[in-house]
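Report on one structure; see the data block that follows.
Read the figures in this text as sums done on the coordinates, not as results from a lab. Values in this document were obtained by computation on a predicted structure and should not be read as measured data. Note: ideal-geometry Cβ built from the backbone for every residue, glycine included; neighbour counts use all protein chains shown.
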Amino acid sequence: MLVCHKITELQEAIQAFRAKKSSVPIISVGFVPTMGYLHIGHESLLKKARSQNDLVVLSIFVNPLQFGPNEDFDTYPRNTEKDLELAKRAEVDMVFLPTVEEIYPQYPLATKITIGDISSRLCGASRPGHFDGVLTIVSKLFHIVQPNQAYFGQKDIQQVAIIEQMVQDLNMPVQIIACPTVREPDGLAFSSRNVYLEPDERSQAVILSKALKKVDEWLSLPDITVKQLEERLTLEINLAPLANIEYASILAYPALQPLIANVPIHHAEHSQLNQQVVIAVAVKFGQTRLIDNRIISLGGALHA
């Protein structure tokens, strides 16, 4: 496994790999961009990439552009040694481990990528500029690595939707592969921030997955509306005394547009959209902000 700290070093290594495989009609490069502190969720992305590509590239970079002034950039968990051990276990070929100065030699940047309404809801409502930072770094990494496929977890469902929109709008030659959320045995979605949770916060945080599972039951109620579903979701999460809800929302997916609040969710006004719906939550336990979601197809089965 090759570890590269410089952009030129990584690009030369990828070019050398392509040259070595020049007799093969199509060389597929799979890319998994991360902020490190890797866990089993990241490992599932890497294994998926390994199963579908000739070359697998992992990036580890805590991106300052996507942190707000009162967020946890300086204290964001980091453990490069364990990250590299996991990468080896997942049979990664190349790891890109740049410094902030390597990625952003002139900081702040004069050029950023922004996107419209899709970034103004859910996490974007309370984190202005966050998704500009996400899109800017992902675009830079796509240009550096030039992957055929890039892999992202569905736990960050708004991020997936926004990156897919950018790729479509800017005709980027990369396929976005969204992979299912990986969960701990009690249902809590794996997250690098789970290490921040105090024991009582950790035990109560399972309310997120439990509440999302209850959507199955609520959808069977006759004429239940989007507003009523959101209200039930909120009440269920509030059963955990330490839960501080930022949002519990139901939106069209992938456009992330609001649905008609007082119309039954299975009525024609919604189901004729022939699109999926995301049920998304963001909740703080103490100082730790957790997100989770489920996707449904109106009139169809739910997906974790």
Worksheet entry | D (Stokes-Einstein, µm²/s), Kirkwood Cα radius, segment 1-91, 0.890 mPa s at 25 °C | 168 µm²/s
Worksheet item: Scattering from the C-alpha atoms of segment 192-295 alone, worked out with Debye: what is log10 I(q)/I(0) at q = 0.10, 0.25 1/Å?
Response: -0.29, -1.34
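If I stretch the segment between VAL100 and ALA16 completely, what's the gain in nm (0.36 nm per residue apart, minus their alpha carbon distance), one decimal? Mind showing how you got there, number by number?
Values: separation 84, 0.36 × 84 = 30.24 nm, distance 2.56 nm.
This chain segment gains 27.7 nm when fully extended.
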Practice prompt. Tabulate in residue order the Karplus-calculated ³J(HN,Hα) for segment 74-90, using 6.51 cos²θ - 1.76 cosθ + 1.60 with θ = phi - 60°, rounded to whole Hz; enter x for Gly and Pro.
Written response: 5, 9, 4, x, 9, 7, 4, 4, 5, 4, 5, 5, 5, 4, 4, 4, 8
Worksheet item: All other residues with a Cβ under 14 Å from the Cβ of ILE279 taken together, and with Lys, Arg as +1 and Asp, Glu as -1, what is their net charge?
Response: +2
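According to the square roots a ≥ b ≥ c of the eigenvalues of the Cα gyration tensor, what is the shape class of segment 70-185, taking rounded for a/c under 1.5, prolate for a/b larger than b/c otherwise, and oblate for the remainder?
Verdict is rounded for segment 70-185.
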Fill in: Residue-averaged [θ]222 nm for the chain, counting only DSSP H segments that reach four residues, each worth -39500 (n - 2.57)
-10000 deg cm²/dmol
Item to complete: Determine by what factor the alpha-carbon radius of gyration of the chain differs from 2.2 N^0.38 Å, reporting the quotient.
Response: 1.04
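Just rank VAL283, VAL278, fewest to most, by other beta-carbon atoms within 10 angstrom. Walk me through the intermediate numbers first.
Values: VAL283 24, VAL278 21.
Ordered by Cβ neighbours within 10 Å, fewest first: VAL278, VAL283.
Determine, from the Cβ-Cβ distance of GLU217 and ARG50 and an R0 of 41 Å, the FRET efficiency 1/(1 + (r/R0)^6), rounded to the nearest 0.05.
Details: r = 38 Å, r/R0 = 0.92.
It comes out at approximately 0.60.
Holding the Cα-Cα limit at 21 Å, pick out from LYS47/LYS155; LYS48/LYS112; LYS47/LYS82; LYS112/LYS284 the pairs that are longer than that. Don't jump to the answer; show the numbers that get you there.
Details: LYS47/LYS155 17 Å; LYS48/LYS112 30 Å; LYS47/LYS82 17 Å; LYS112/LYS284 29 Å.
Check vs 21 Å cut-off fails for LYS48/LYS112; LYS112/LYS284.
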Practice prompt. Using Cα centres only, tell me the gap between segment 1-69 and segment 241-265 in whole Å.
Written response: 34 Å
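Need one number: % antiparallel among DSSP beta bridges in the chain, to the nearest 5. Walk me through the intermediate numbers first.
Numbers: 25 of 44 bridges.
Around 55 percent of the beta bridges assigned by DSSP in the chain are antiparallel ones.
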Fill in: Around SER220: net Lys/Arg minus Asp/Glu count, Cβ-Cβ under 14 Å
0
Worksheet item: Pick from ASN262, ASN148, ASN70: which is most flexible by mean-square fluctuation in a GNM of the chain where alpha carbon atoms under 10 Å apart are linked?
Response: ASN70
Worksheet item: By how many degrees, 0 to 90 and rounded to 10, does the Cα axis of helix 7-20 deviate from the longest principal axis of the chain?
Response: 80 degrees
Worksheet entry | Neighbour cut-off at most 16 other Cβ (10 Å), DSSP loop, trypsin sites (Lys or Arg not before Pro), segment 183-283 | LYS214
